[in-house]
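In what follows, a single structure is set out as structure tokens and then discussed.
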Amino acid sequence: MKTKLILRHPISTLSNQVLFPAGTLMTEEALDGVIDSNTAYPYPSAPLLSYGTVKEDCLNFLSAPPYRTVFSAKGQIDDLLQVMENVSLSMPILQSLDYFKKYDFHTYSHVLTVFALSTLLAKDLIPDHQECIRLSATGPTHDIGKICVPLPILKKTTPLTRAEHSFIEHHAAAGYVLLSYYSKRTEHLGSKVALDHHERRDRSGYPRAVPLDDPMVEIVAVSDIYDALIKPRPYRSGPYDNRTALEEITEMAEQNKIGWDVLRVLIAHNRESKPDYREIRISAEKRGTPPSYNVHGMIAEEEADPKD
């Protein structure tokens, strides 16, 4: 990571070990020092789909619309499981799934469906089987940094204050640090995806406002956006219907925030006929209707300090 980041909030493990306090200027040298301090490495690991109820939960999530259609091609689920079964994760990462399952089920469901969807899209866009497996392993880890975000902020139903919003954005850098720490290396695809999955091609993303130029990161980024739109969220009245969700992502492609190929693959899998994504024609017409109540992106006024 060449760009330096000032961390506005602390980064801690689930066992409350502080890796970086708030206010730290995170540089490559500082991160290397934290990584070198990890004496617990290597951690025990386990196949993700054999851990707890992960496989059962994942299949349940994929059986609900619109994923029922997305994964409806003959043999699709079996082929997908063959790739996903190659993914093993270290115990601290698996424990983060336990944390989300217990305290923030939205995030638990989200990371597993992004795991499955990004694996599916990668099979069309990345011909190398081993690279697909490598990308697949980043799906369930991309939001691990949310263990550093207070649960009341993750579950808030009203607009966030600027301070609370900065906590949400903090999860990207936090995930990068945590995954680098657990793997003892910064040049790790999972770490890169955690850091950059909210970046955009036009530099409008966060945390570094750099171009989203890695196709593998972009697959997870689009999977992340799609799943966030079609699932219930605390900050809006309901999920986006599937058409409106795809139109929202189409608008992002029109604005050069994401690329067209990954969008075409997503749309192709949303059609019963499963056409070749290269033959997909995307309509510019927008007929969808977003949820009636949605405070995502709104900033609330900061509460005045009673002492002022």
Output the number of residues of region 9-20 satisfying the condition of being more than 21 Å from the chain's Cα centre (by Cα) and at negative phi.
5
The condition of being in contact (Cβ under 8 Å) with a residue 12 or more places away in the chain, surrounded by 20 or more Cβ atoms within 10 Å (Cβ to Cβ) and closer than 27 Å to Glu131 by Cβ holds, among Leu212, Leu189, only for Leu212
Of the residues in region 118-154 that are β-branched (Val, Ile, Thr) and under 20 Å from Tyr67 (Cα atoms), the one that is surrounded by the most Cβ atoms within 10 Å (Cβ to Cβ) is Thr138
Give me a count of the residues in region 138-165 that are among the charged types (D, E, K, R), within 20 Å of Ser12 (Cβ to Cβ) and not in a helix (DSSP H, G or I).
2
Give the residues of region 41-68 that are exposed (fewer than 14 other Cβ atoms within 10 Å of the Cβ), in a helix (DSSP H, G or I) and either in contact with a Ser or Thr (Cβ under 6 Å, 6 or more places away or on another chain) or of a type in the set (Ser, Thr, Tyr) (or both), sorted by residue number.
Ser50
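Residue-by-condition table, conditions (1) under 18 Å from Ser109 (Cα atoms); (2) crowded, with 21+ Cβ neighbours inside 10 Å; (3) not aromatic (Phe, Trp, Tyr):
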position: Lys156; (1), (2), (3): yes, no, yes
position: Pro159; (1), (2), (3): no, no, yes
position: His165; (1), (2), (3): no, no, yes
position: Glu169; (1), (2), (3): no, no, yes
position: Gly175; (1), (2), (3): yes, yes, yes
position: Glu251; (1), (2), (3): no, no, yes
Among helices (runs of 4 or more DSSP H) lying entirely in region 75-133, which contain 2 or more residues that are touching a Gly at 6+ places or on another chain (Cβ under 9 Å)?
91-103, 105-125
For region 100-124, the count of residues that are of a type in the set (Phe, Trp, Tyr), touching a helix residue (DSSP H, G or I) at 6+ places or on another chain (Cβ under 6 Å) and more than 20 Å from Ser72 (Cα to Cα) equals 3
Suppose we filter Arg243, Arg287, Arg233, Arg271 for residues that are basic (Lys, Arg), within 18 Å of Pro66 (Cβ to Cβ) and crowded, with 17+ Cβ neighbours inside 10 Å; which single one remains?
Arg233
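A quick yes/no check of all residues on (1) hydrophobic (A, V, I, L, M, F, W, C); (2) in contact with a helix residue (DSSP H, G or I) (Cβ under 8 Å, 6 or more places away or on another chain):
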{"site": "Glu251", "(1), (2)": "no, no"}
{"site": "Ile258", "(1), (2)": "yes, yes"}
{"site": "Val262", "(1), (2)": "yes, yes"}
{"site": "Val265", "(1), (2)": "yes, yes"}
{"site": "His269", "(1), (2)": "no, yes"}
{"site": "Glu285", "(1), (2)": "no, no"}
Top-ranked residue in region 186-212 [being at pLDDT 95 or above and among the charged types (D, E, K, R); ranked as nearest to Asp32 (Cα to Cα)]:
Lys192
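The values are calculated or read from the model by the stated rules, or taken from the named source; none is laboratory data. Bear in mind the structure is a predicted one, so any value in this text is a computation, not a measurement. Cβ sites come from the backbone with ideal geometry, for glycine too, and all protein chains shown count toward neighbours.
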